[in-house]
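The structure under discussion appears below in the form of structure tokens.
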Amino acid sequence: MATLLSYWEHQTFLHGFDVVIIGAGLVGLTAALHTRRLRPAARVLVLERDVLPNGASTKNAGFACFGSISELLEQEARGGTAALLQVVRARWEGLAELRQLVPDAVLDYQPVGGFELFRATETELAERCQAAISYYNALLAPVIGTSAIFRDASSQLTGLGFAGVQVMLENTAEGALDTGRMMEALLRQAWQAGVTVLHGCPALALEPAASTVRVKTPLGTIETEQVLLATNAFSRQFFPNLDVQPGRGQVLVTEPLPGLRLPGTFHYTKATTISGR
Ligand SMILES: Cc1cc2nc3c(=O)[nH]c(=O)nc-3n(C[C@H](O)[C@H](O)[C@H](O)COP(=O)(O)OP(=O)(O)OC[C@H]3O[C@@H](n4cnc5c(N)ncnc54)[C@H](O)[C@@H]3O)c2cc1C
């Protein structure tokens, strides 16, 4: 038992958990809520290393997206059509589940569409994507529930101020949401559902025992039946052989720019995303 804690603290916050989830991002918190739904009697603990959930879930761009045409082409070329359909379905159904869990008004969900921009230097890619519009509308219709998903929105480029951009394709089924509000709502729901969330309490190591796992933390060791690792890019800490490479992501936020009106979420040069929020 950790010397820092009183008997009462230890018994309440570190003892008797059936499931310990490491990481309080989107994955960790939704997994905790699902676990309680599937096993209402299970005692569930979420460990978060930082004061706030400190990962991609609150540091992302807030795009509620499932694939621009160039992404779909790339993914289909890499993994085949069946794998592409599987991943798009997972993204689409995941978004639907999230919107069921947290109401649109709380998420500030806005069905503004997702736009992909192509510069004059990307004519060949733009043409391939334009040619694929009807193919992906038909392919994804059973997943999305409509065949009016993608369209050429280049005629709306005028006045948006994208220098050198010639082609703009729209995914009408995408939107934008506020990930700060999303995570706040999930944290509130987790406590309401009977999940304990400890902030500033990193899992330092996992030690498998006979029928349990010991989770080492700065507060002491927690013994539990099951551990779910939801640490995203940091998973190699526990499984050094996993091929997970953290990638640097960056989100820049400006003051509102006078005259700039971007009615949606925009993908640019594949890796860059721009939102008009
Ligand atoms: C810059 C950027 C922009 C993005 N934009 C979008 C977007 O617009 N739309 C979209 O759908 N997706 C976007 N993504 C991807 C999306 O945000 C992630 O896929 C998603 O948030 C991952 O959630 P997660 O819970 O797996 O991980 P995370 O949110 O990273 O959560 C992992 C948590 O584990 C905690 N942790 C780590 N190690 C430990 C430990 N040892 N003990 C305890 N806790 C620990 C971390 O502090 C963190 O809170 C973006 C990602 C980035 C980086």
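The values are calculated or read from the model by the stated rules, or taken from the named source; none is laboratory data. Note that the structure is a prediction, hence the values are computed from the model and not measured. When we count neighbours, we look across all protein chains shown, and the Cβ atoms used for this are built from the backbone with ideal geometry, even at glycine.
Key figures
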{"item": "Selection status of Phe239, within 13 Å of the ligand (Cβ to nearest atom), at pLDDT 85 or above, assigned to a loop (DSSP other than H, G, I, E, B) and hydrophobic (A, V, I, L, M, F, W, C)", "result": "yes"}
{"item": "Enumeration of residues in segment 254-277 that are of a type outside the set (D, E, K, R) and within 12 Å of the ligand (Cβ to nearest atom)", "result": "Thr265, Phe266, His267, Ala271, Thr272, Thr273, Ile274, Ser275"}
{"item": "Residue match in segment 115-128 (condition: in contact (Cβ under 8 Å) with a residue 24 or more places away in the chain, closer than 30 Å to Leu229 by Cα, within 16 Å of the ligand (Cβ to nearest atom) and out of contact with any Pro (no Cβ under 6 Å at 6 or more places or on another chain))", "result": "no"}
{"item": "Every residue from segment 79-113 that is in contact (Cβ under 8 Å) with a residue 24 or more places away in the chain and either part of a loop (DSSP other than H, G, I, E, B) or closer than 14 Å to Asp152 by Cβ (or both)", "result": "Val102, Asp108, Tyr109, Pro111, Val112, Gly113"}
